[in-house]
Amino acid sequence: MRAMVLNKPRTPLEWTELPDRHPGPGEIRVKVLACGVCRTDLHVLDGELPDPKSPIIPGHEIVGRIDEIGPGVTGLKMGERVGIPWLGHTDGVCPYCMENRENLCDHPLFTGYTRDGGYATATIADARFAFSLGETGSDVSLAPLLCAGLIGWRSLGIAGEAKKLGLYGFGAAAHIIAQVAKWQRREVFAFTRPGDLAGQAFAKSLGATWAGGSDEMPPVLLDAAIIYAPVGALVPLALRAVRKGARVVCAGIHMSDIPSFPYCILWEERELISVANLTRQDGVDFLALVPKINIVVKTTTYPLDQANRALADLRAGRFEGAAVLVP
Ligand SMILES: [Zn+2]
Ligand SMILES: [Zn+2]
């Protein structure tokens, strides 16, 4: 197999030939057909997340086909198309797993962070954490749903019933969740980097009621806001943009420091909450909705060996939607 490997944080990924791997008990081997590039991959690259596997093959938005099945796996068959998400393993016995909050498991493994991921021609996955994808939809357009879509979906649920919904950072997750929110008959208010007129036009093309820079106030106070950009300075801006009793959801795994802010913008029962990871139930619920909503995923594809270029383009905001690597 071949892979783009991160040997050390803050160095480019290296195109590497590796011995073929075989699935152990409870595992499957998946031939990778497409793997999305997520902002979290940049945090792994930059060494911003604690205790990564090293060296590591990044990538946790994997679409592939099962080409080997380990002992004890049930319910999956050879050749089946599956999706491998960020949550790669849980212990199943800790207090969080026991109360159906496996996203907070005490002993998890995360794909492309603490176990090898999909920037490769093949990957090994825990079979219990693979989603059957069926045959509808292209490999490339499904890949970003595995994280941007899934964690976006979880953050949308945590935002609650909000009719007027603000989305800060209009990248891969927001462009998917804007379509879900519209389908749910919500109004979307999209916040991009200041001056990103192309991003604002993109948001409007997906049905946003209003789009502007993150330094602007929306025309009306919002019922909730979700922050997808890893920028702590957005927290006080979002708190100022929401009404009394509203929730501000931080959906990223990493954020720059949040600047201090006056208590009055949190006062009146505004809530600030983060969203961590996903549960398998989130995946089942969201993937069942995808065909009904007819989500249009905007993708830019790169050959697998161009992963460094894809990551640089993501960092610089050089494309709309999501980047996807194709082996
Ligand atoms: Zn657990
Ligand atoms: Zn991700």
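Bear in mind that the values in this text are calculations on the coordinates, not laboratory data. For clarity, every value in this text was computed on a predicted model and none was experimentally measured. Cβ sites come from the backbone with ideal geometry, for glycine too, and all protein chains shown count toward neighbours.
Hey, among Asp126, Asp196, Asp116, Asp215, which residue is surrounded by fewer than 22 Cβ atoms within 10 Å (Cβ to Cβ) and under 23 Å from Ala310 (Cα atoms)?
Exactly one residue qualifies, and that residue is Asp196.
Residue check, Gly88 against (1) within 16 Å of ligand 2 (Cβ to nearest atom); (2) closer than 21 Å to Ala322 by Cα, all met but one. Which one?
Among (1) within 16 Å of ligand 2 (Cβ to nearest atom); (2) closer than 21 Å to Ala322 by Cα, the lone unmet condition for Gly88 is (2).
Just name the residue that is nearest to Gly75 (Cα to Cα) out of those in the range 93-133 that are more than 13 Å from ligand 1 (Cβ to nearest atom) and hydroxyl-bearing (Ser, Thr, Tyr).
Ser132
Hey, could you check the range 15-35 for residues that are surrounded by fewer than 14 Cβ atoms within 10 Å (Cβ to Cβ) and either assigned to a strand (DSSP E or B) or touching a residue at least 24 places away in the same chain (Cβ under 8 Å) (or both) and say which is farthest from ligand 1 (Cβ to nearest atom)?
Narrowing the range 15-35 to residues surrounded by fewer than 14 Cβ atoms within 10 Å (Cβ to Cβ): 17, 19-20, 22, 24-25.
Among the residues that remain, those that are also either assigned to a strand (DSSP E or B) or touching a residue at least 24 places away in the same chain (Cβ under 8 Å) (or both) are: 17, 20, 22, 24-25.
Values: Glu17: 35, Asp20: 31, His22: 27, Gly24: 20, Pro25: 19 Å.
Filtering first and then ranking leaves Glu17.
Quick one: count up the residues across the range 122-157 that are under 17 Å from the mean Cα position of the chain (by Cα) and assigned to a strand (DSSP E or B).
Of the residues in the range 122-157, 1 are under 17 Å from the mean Cα position of the chain (by Cα) and assigned to a strand (DSSP E or B).
Just give me the residues in the range 170-191 being among the aliphatic types (A, V, I, L, M) and assigned to a strand (DSSP E or B), in sequence order.
Within the range 170-191, Val188, Ala190 qualify.
Rundown of residues vs (1) in a strand (DSSP E or B); (2) more than 23 Å from the chain's Cα centre (by Cα); (3) among the aromatic types (Phe, Trp, Tyr), yes/no style:
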| position | (1), (2), (3) |
| --- | --- |
| Ala201 | no, no, no |
| Ala208 | no, no, no |
| Asp215 | no, yes, no |
| Pro218 | no, yes, no |
| Ala225 | yes, no, no |
| Ala229 | no, no, no |
| Gly232 | no, no, no |
| Val235 | no, no, no |
| Arg240 | no, yes, no |
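Restricting to the range 192-205, count the residues that are touching a Phe, Trp or Tyr at 6+ places or on another chain (Cβ under 9 Å) and closer than 19 Å to Val297 by Cα.
Residues in the range 192-205 being touching a Phe, Trp or Tyr at 6+ places or on another chain (Cβ under 9 Å) and closer than 19 Å to Val297 by Cα: 6 in total.
If you go through the range 141-166, how many residues are within 25 Å of Pro327 (Cα to Cα) and within 16 Å of ligand 2 (Cβ to nearest atom)?
10
Being touching a Cys at 6+ places or on another chain (Cβ under 9 Å), in contact (Cβ under 8 Å) with a residue 12 or more places away in the chain and farther than 28 Å from Thr136 by Cβ is true for just one of Cys38, Cys105. Which residue is that?
The match here is Cys105.
So how many residues does the range 92-121 have that are within 17 Å of Val32 (Cβ to Cβ), polar (S, T, N, Q) and assigned to a loop (DSSP other than H, G, I, E, B)?
1
Name every residue in the range 269-301 that is outside any loop (DSSP other than H, G, I, E, B), surrounded by 16 or more Cβ atoms within 10 Å (Cβ to Cβ) and touching a residue at least 40 places away in the same chain (Cβ under 8 Å), in order of residue number.
Arg280, Asp282, Gly283, Phe286, Leu287, Val290, Thr299
Test Val82 against the stated conditions and say whether it is away from ligand 1 (no atom under 16 Å from the Cβ), farther than 19 Å from Ala310 by Cβ and in a strand (DSSP E or B).
Criteria met by Val82.
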